[in-house]
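What follows is a short report on a single structure.
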Amino acid sequence: MLMRPRMSVILSAGWMALLAALAGGCDAPIDSSPLPAAGDAQYRDAWLARDIKARLAADDLVGPFLVEVQARDGVVYLQGTVPTEEMRERAGQLAEDPDYVLLVRNNIVVTSSAPPGT
């Protein structure tokens, strides 16, 4: 039994899938994994916070700024600082998800001197 050719095919298929995903552009959702079942609220909240963090990080306007995201029972809490009200509002919009988020508590503070990553 030769396993080497099979492993090579599997690795090649993996690389091809990765390249296809990268070539697809940014139109695909950041996290395409399904939302966990309703029975595990803690895991569901962690999934939701991770998904929103990814959306914020990928956004051209909000991405460079550190915004803390927490989720509890479908309520999303945003904290951090940004230099403009437009960025604060954009972060709130990115956190909204009509299917999974019940409410967004946007506690981001606007300070004109907020450097990226704070």
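Here is how the numbers come out for the structure above:
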quantity: Packing-based order for 82-91, 96-105, 54-63, using average beta carbon neighbours within 10 Å, highest first; calculated: 82-91, 54-63, 96-105
quantity: Cα-based equivalent ellipsoid, the stretch 36-110: semi-axes from gyration tensor eigenvalues, Å; calculated: 22, 11, 10
quantity: Counting DSSP beta bridges with both ends in the stretch 61-109, the antiparallel % (nearest 5); calculated: 45 percent
quantity: Net charge over other residues, Cβ less than 11 angstrom from the Cβ of residue 74 (K, R count +1; D, E count -1); calculated: -2
quantity: Ranked list, fewest to most other Cβ atoms within 10 Å of each Cβ, for 109, 76; calculated: 109, 76
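Read-outs: derived from the displayed coordinates by stated rules, not from any lab. These numbers were taken from a predicted model, which means no experiment stands behind them. All Cβ positions, glycine included, derive from the backbone under ideal geometry; neighbour counts span all protein chains shown.
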